[in-house]
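Below: one structure, written as structure tokens.
Read-outs throughout are calculated quantities, based only on the coordinates presented, and are distinct from any laboratory measurement. Remember, it's a predicted structure, so these values are computed and weren't measured experimentally. Virtual Cβ from ideal backbone geometry, glycine too; neighbours counted across all protein chains shown.
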Amino acid sequence: MALGRSPPPEIRSPDERGAAEDAAEAEAEEEEVFDDAFDIPHKNAPHDRLRRWRQAALVLNASRRFRYTLDLKKEEEKEIIRRKIRAHAQVIRAAFLFKEAGQKDIREAYSGINLATASRSFPIELEKLTTLNREHDTVLLQEVGGVKGLSDLLKSNLDKGVSPNEDELLQRRSIYGANTYPRKKRKNILRFVFEACQDLTLVILMVAAAISLTLGMTTEGADDGWYDGGSIFLAVFLVILVTAISDYRQSLQFRHLNEEKQNIQVEVVRGGKRSAASIFDLVVGDVVPLKIGDQVPADGILISGHSLAIDESSMTGESKIVHKDQKAPFLMSGCKVADGYGSMLVTGVGTNTEWGQLMANLSEDNGEETPLQVRLNGVATFIGLVGLSVAGAVLVVLWIRYFTGHTENPDGTTQFVAGTTGVKQGFMGAIRILTIAVTIVVVAVPEGLPLAVTLTLAYSMKKMMRDKALVRRLSSCETMGSATTICSDKTGTLTLNKMTVVEAYFAGTKLDPCDDISQISDDSAAIILEGIAQNTTGTVFLPEDGGEPELTGSPTEKAILSWGLKIGMDFHDMRSKSSVIHVFPFNSDKKRGAVAVQSDEGVHVHWKGAAEIVLSSCKSWLSVDGSVQPMSTEKHDEYKKSIEDMAVNSLRCVAFAYCAPDGEMIPKEDIANWKLPEDDLILLGIVGIKDPCRPGVRDAVRLCTTAGVKVRMVTGDNIETAKAIALECGILDANSLISEPVVIEGKVFREMSESARADAADKIIVMGRSSPNDKLLLVQALKKKGHVVAVTGDGTNDAPALHEADIGLSMGISGTEVAKESSDIIILDDDFTSVVKVVRWGRSVYANIQKFIQFQLTVNVAALVINVVAAVSSGDVPLNAVELLWVNLIMDTLGALALATEPPTDNLMKRNPVGRREPLVTNIMWRNLFVQALYQIAILLIFDFAGVRILRLQNESRYNAEKITNTFIFNTFVFCQIFNEFNARKPEERNVFKGVTKNHLFMGIIGITTVLQILIIQFLGKFFKTVRLDWRLWLVSVAIGVISWPLAYLGKFIPVPVRPLQDYFKPRCCRRARRDEEEGRQT
């Protein structure tokens, strides 16, 4: 089911608390920087800041402006629903405590076991099972025979799970329900049409069209009087239809994305075999293994576990870690495993769980503010205010001219004569002028700008899925384009995560080959095999047909188990000879884990972990003959040398040790709190595990370097192993100086002062033996230096660093659910080359939006200036309301579709990252915009004032000449935009046609626009008030449009200043802040 929204469990050390305080200070400083209402934090923006920009936005077209932004009212309603359902769950449990006791047959009354129904498929009824889950009553659980009795009633096996037979699984779903919840009904296309109709400017136009239609049909008759109003209705209908279809398609895309996010893969035991399954496929009776970082996928009861701690904050609302054991065995769906591991019996799925009810009552919201979207709303507001002012001025001027008798008809007569012109006719003229003014507003207010962000993000997200990246947070797409550094894990990201033991050093000698233990005594071998079989979270499944054993677990665990099988381990036999009495789960801070096992020979505590750390805890070592020898300095150095040799060869070194504690050391009671002995250990041996570099990583790292993105490796591995892999991947240069702090241990970095950490952070390229807290400190230090930081992580303890980073990238295969929830993007194949593709797409998002801005502003400026100058000078406009609506459609939706879906080019990775506060409209864009706009304004105004003479229309009547001239101006204006769309594709490159044929959508939209323009001029003249043009005028229109290509080419030779144009109009303090940020980024 859906991912929860609970915060990741945090277990903070003093260092982390200090780091958290630093983060709080940084956040306070950041708040001061965002002094502009349209400038929001790129991540986790508070709701009051989101309200602020809405209040600052010019809300003429609220339904279009605020689509795909967060519905703040709906968010508040969601929180109320969450609280109600949580309260409801608590009330049910409280009420149960007051239930009357003394039921005659508790087993029958509560468990639903009834002799009359026992012959049915399952003797326990759904209603009773649901009650058991919700009321969490251990007494009644014992009445049905505990978890074993309950599993028998559900016809399941605690070791082997249910049968994988599809018919049986289907039967379980039909009786107990599926692990899904009802989706909110999606909005149909008519709903989107209705929302598009709420656009204020379109409503005004429809009212004006209705008045025009009524008056026209009254004065001119039904045959001819409906054209004026009808043509505006048609144009408005087209705008609404295209907008609605576009929004509907985006909603489907976001819905698909939400489904992908919710489709969590879990491990399940069926027929004795562990396998991966979708969370939606779980059934009542399934046995599900749990480990740290997992989401509890359904309601269930603990079968067995060690140090299992659950974060129940997503259900109870309290940030409290609850420890689970046989006394408190109930597990709630949607909670997270904060520590330990275990297995559970699924007893409730879907809407029969509290989590399912919660999710069924919460609709998935696609809305999310992205900083770029909000900034573009600011740009749209500014341009909208200019457009409103201009439209208001045009309206006043035209009305004054009209009512004072300075506006003439095409035949030369005055349109309005006081005392002579009828009321209806005068009112019609005033309405026609109002329609022109409103249409100028429609064209002037660039509602396509925020839409362009949604389109390009939706397009990029779809394509990124193909490139194995699942976007969880929209804003991360655009932020990734600004990334200046990537802090990457080693294992599985830079390497293949296909591990094999290639070297082994056991019983004081190097094994050659590594799986030959013939020289080791049977007693020593038995101890080694016991440690491998019991101190693992992996399993071995032996197929009945005698095929190859199937291993589960982490890649490291599988490599060690595979090696164990090669040296003669019988996994199930070894585990049956001893039982686990206590576990210390592997800890990424201590970098080791342990297990205490009881056998006929007594208690053994087996440790496994980072080789040099385990070695430092060993006071003796196990020899070939099985005797225990003291760890002399020479022997210690010998082992240390073998670890270093393995590390230099890029091998991960894992050591095995054990001890046999005295009986007095083992607590008789409360063994769960036993602190396992970890100092006086006996070293068994060391294995070297090879994990080859991923193919293509070296090229990907080189590409990042060229793009101005510094790759840093942060790993828990030995510093020498990390250094060797970094050299192999090209992160470190063999010819450069490799010393501290370029290569540093996490402990050294952690112990530095804050100022020393800040100085060292920029120089660090490889950090070995790092803890998750070291990664968090590095991220904070880099952010303070002005970097935009991307971080990869897979473990639960990586959650704080993923949350703190500008872009958190979790691993889809090896990552825990907690890590995925804290991340912004999930790398589905765990491959570093996919991370680089995300950077490329992030830059593409920014570049595509800039292309659209350049194109749209050119049309805005040209259309406004042409209509204003013409209106003020002649009292009429060459581009009427319907024509402007068509231009608006080209400009807004079709232009956004064409330019916002341009695929990324190689040139994007040859630029430096875009700064956080880099202006959206660069000097290069301003230059291109002015060149094109001035050309269009000059040419079209010349034709407006002298078109009759230039086009040689003196022989035509004044009415016809004006009609032909205005049609020609409209046609030429549209073709200027069509050809300028090609220029907008490559704002900085001279060859604007490179790769154009590969973008089929772009070519399709250009083709559709051209065909529609031909239809409008040749066949829809009555609606658009145009006349047919002869082939000569068509050629001239196209030729004027084509000139924009060589003009754009020559314009790119004009030099532009480095300093952004906007900076000349900003206060001095803002300029200084911007300069400081740039200097920090370049350091």
For the stretch 370-420 versus the stretch 800-847, the gap between their alpha-carbon centres in whole angstrom: 49
Inter-label distance, nm, simple model (7 Å from Cα along the C-beta direction), A418/D1063: 5.7
Under 17 Å from K1052, Cα to Cα: lysines that are on another chain or at least 8 residues apart: K851, K986, K994
Potential lengthening between F1019 and I671 on full extension [0.36 nm per residue; Cα-Cα distance subtracted]: 116.4 nm
Derived scalar couplings ³J(HN,Hα) [the stretch 783-795; Karplus, 6.51 cos²θ - 1.76 cosθ + 1.60; whole Hz; x for Gly, Pro]: 5, 5, 7, x, 7, 9, 9, 9, 10, 9, x, 10, x
Linear extension gain, S874 paired with K498, 0.36 nm per residue minus alpha-carbon span: 127.7 nm
Order of M665, M909 under a 10 Å beta carbon neighbour criterion, fewest first: M665, M909
For Y341, distant residues with modelled amide H under 5 Å away: H306, L308
Under-5 Å amide H pairs with V162, H placed in peptide plane, nonlocal only: N157, G271, V287
Sum of side-chain charges, T552 neighbourhood, beta-carbon under 10 Å (Lys, Arg +1; Asp, Glu -1): 0
Cα gyration tensor shape of the stretch 257-351, rounded if a/c is under 1.5, else prolate or oblate by comparing a/b with b/c: oblate
Sites E956 and V1042, calculated FRET efficiency, Cβ-Cβ separation with R0 25 Å, nearest 0.05: 0.40
In order through the stretch 203-215: 3J(HN,Hα) via Karplus (6.51 cos²θ - 1.76 cosθ + 1.60), integer Hz, x for Gly, Pro: 5, 4, 5, 5, 5, 4, 5, 5, 4, 4, 5, 5, 5
Distance from the stretch 1002-1055 to the stretch 905-928 (C-alpha centre basis), Å: 29
Gyration tensor (Cα) of the stretch 120-188, equivalent ellipsoid semi-axes in angstrom: 26, 18, 10
Segment R51-L542, length gained on full extension (0.36 nm per residue, minus Cα span): 170.8 nm
Amide H contacts under 5 Å for F506, placed H, 5+ residues apart: L511, I686
Phi to ³J(HN,Hα) by Karplus 6.51 cos²θ - 1.76 cosθ + 1.60 over the stretch 691-696, Hz, x for Gly, Pro: 10, x, 4, 5, x, x
Spatially near lysine pairs across the stretch 545-619, Cα under 24 Å, sequence gap of 8 or more or different chains: 13
Cβ charges +1 (Lys, Arg) and -1 (Asp, Glu), total dipole of the stretch 820-974, debye: 480
Efficiency of FRET from Cβ geometry, Q265 and D662, R₀ 51 Å, rounded to 0.05: 0.70
Whole-Å distance, taken between Cα centres, linking the stretch 937-993 and the stretch 549-582: 79
Highest average packing first - 275-281, 287-293, Cβ atoms within 10 Å: 287-293, 275-281
Top positive-direction residue, dipole computed over the stretch 760-835 with Cβ charges, set G793, S771, S822: S771
